[in-house]
Structure formats: structure tokens, C-alpha cells
Amino acid sequence: MSLTLKVPAADAGSQFTPAPAGVWPAVCVSITDLGTQTEEYNGEAKTARQILVRWELDTDERMGDGRPFALSKKYTASLHPKSSLHKLLVSWFGKAPSEGSFDMSKLLNRGCQVQVIHKAKQNGDIAAQVQAVMPLTKGMKAPEPGVTPFVFSLDDFDEDLFGSFGDGLKKWIAKSPEYQAIINPPPKQTVRVVPAQAAKAPAKNGNAAGFGMPREQVDLSDDLNDDIPW
């Protein structure tokens, strides 16, 4: 007597080929603002602004459709010396960013070396992850990107660019209060200006205190021209 078991068809996840492990030349192709996200860490909810940095890899292998492999890594949008983003820039540039602000668009088209490692998921699939980012060694050239590099910011929302994202990334961004404020802007506040009453002519023998003299009109034009934040 035999026992025959049915082999289930492979799902989409098991058909996905991860980027090969190793250290590869790479180029930064996108910086994506994820907005403020709340996640649980060690049993405690943490809320912070996040960004997603993406690199294209110059590997020996290519994806099934011929495109180069690409990997992304999420960072808290903070340049505190202990932050992961600060450590990334120090490792990549070889020095800490100067005090003040740092223009993240400087990362676009910038070459580096990315160390890729493999980790097993709970379902048994293998996932490729960015372990470290290092500068190119002397004589190495940055790979040419296969896509048009971009920066996406919720502070300067590009609807067409957002529409080009995959559903997963769009849902991720849509959870942020910054995105919700864009699609559901607060109502504009209307300032009602009451015209000043016409002043009565002072009495012929007006008193020294000036009672009855016209009031100084308040100019609210600056208030009316205040920029609405969204």
C-alpha cells in the first residue's frame, strides 16, 4: 500500500530570487520619505520620521527580466551621532556630516560598495539584506543606474512620482500623518475684516484728550496672506 502526497504549487514568494550575497559595487538610486511611522520595538511603540534609501547593485547575476538587483534599507530621519543614518554616512563618506543640515540628494548617483547578506524568513524563503555600505576603493567607478534616480519628499509632494510606486510602498507612506494631511488638508480659516467706522468731525472746541478722533485702522493684510501649510 502506497501513500501519495500532493506537492503544492510554488507561490510567488518562493519563486523570487534574492540578490546574491557578497560585497558589490552599487549606486544610490532613490531616497524616499516615508513620513512619520509608529513601530513596536522591544515591546514599546516608537514614533519617528523615516526614509528609505535604495541602491542598485552591480552583481555577476541579473534578475530574471534582465534588470540589476536593487536593495533598500529603512532609516530614522535623524543625524544624531548614535543614529543609523549618521553611521551610514560616516561609513560611506569616511567622515561625519558637518553641523547644520545635510542635503540627502547628495547621495543620488553616488557610488559605494554594499555588503549583502542572506537571512531566512519565517516561511523558509531567503531574503537579501544590506549589512554595510562602504566607499568605493581607489580606481573603482560607480555603476551606471538603470533607472532615473529621484528624491521623494512629503514636504514637496509629487503626485505623479507617488503614483508610480508599488502598492506596498504607497500603503506604507499613506499611514503617515504627513500624507494624510496632504489628502485631507485642514479647512482654511477665514479672517473677517470689519471696516472702521467713519470718524466724526471733532467739536469746534475739541478737548485736549482727543476723544472722538478716528481710531487707527488695523492692517490685517499680512494675516490674510499667511501661507496655508498644505
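Among 80, 86, rank each residue by its count of other Cβ atoms within 10 Å, from fewest to most, as a rough exposure measure.
On the way: 80 9, 86 18.
Ordered from fewest to most neighbouring Cβ atoms within 10 Å, 80, 86 come out as 80, 86.
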Notebook entry, point to check: How many nm is it between the label spots at residue 106 and residue 159, if each spot is 7 Å from the Cα in line with the beta carbon?
Noted result: 3.4 nm
Checklist line | For region 111-155: rounded, prolate or oblate by the Cα gyration tensor [a/c cutoff 1.5] | finding: oblate
Item checked: Rounded to whole Hz, the Karplus (6.51, -1.76, 1.60) HN-Hα couplings of region 140-147, x for glycine and proline -> 7, 10, 5, x, 6, x, x, 10
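Where does each of 54, 49 land when they are ranked from fewest to most other beta-carbon atoms within 10 angstrom? Mind showing how you got there, number by number?
Numbers: 54 19, 49 16.
So the residues, fewest neighbours to most, are 49, 54.
Length gain on complete extension for the stretch residue 169 to residue 83, per 0.36 nm per residue less the alpha carbon to alpha carbon distance? Working shown, then result.
Values: separation 86, 0.36 × 86 = 30.96 nm, distance 2.31 nm.
Gain on stretching residue 169 to residue 83: 28.6 nm.
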Item checked: Gained length - residue 180 relative to residue 36, 0.36 nm times residue gap less alpha-carbon distance -> 50.8 nm
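Could you size up the charge dipole of region 1-157 around its Cα centre, putting +1 on the beta carbon of Lys and Arg and -1 on that of Asp and Glu, and report it in debye to the nearest 20?
Working: 17 positive and 16 negative charges, 85 e Å.
The calculated dipole for region 1-157 is roughly 400 debye.
Just flag the chymotrypsin sites (Phe, Trp or Tyr not before Pro) in region 41-108 sitting in loop per DSSP whose Cβ has no more than 16 other Cβ atoms within 10 Å.
Values: sites: 41, 55, 69, 75, 92, 93, 102; in loops: 69, 102.
Answer by residue number: 102.
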Note to self: Between residue 147 and residue 194, what is 0.36 nm times their sequence separation minus the Cα-Cα distance? Round to one decimal in nm.
What the structure shows: 11.3 nm
Next item on the list: Could you work out how far apart the two model spin labels at residue 63 and residue 23 are, taking each label as a point 7 Å from the Cα in the direction of the beta carbon, and quote it in nm?
Entry: 2.6 nm
Note to self: Among 130, 42, 57, which residue has its Cα furthest toward the positive end of the charge dipole of region 38-132, with +1 on Lys/Arg Cβ and -1 on Asp/Glu Cβ?
What the structure shows: 42
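All of the numbers you see were taken from the coordinates with simple rules; none came from a lab. In this text the structure is predicted, and so the values were computed from the model without any measurement. Neighbour counts are summed over all protein chains in view; Cβ atoms, including those assigned to glycine, are modelled from backbone coordinates with ideal geometry.
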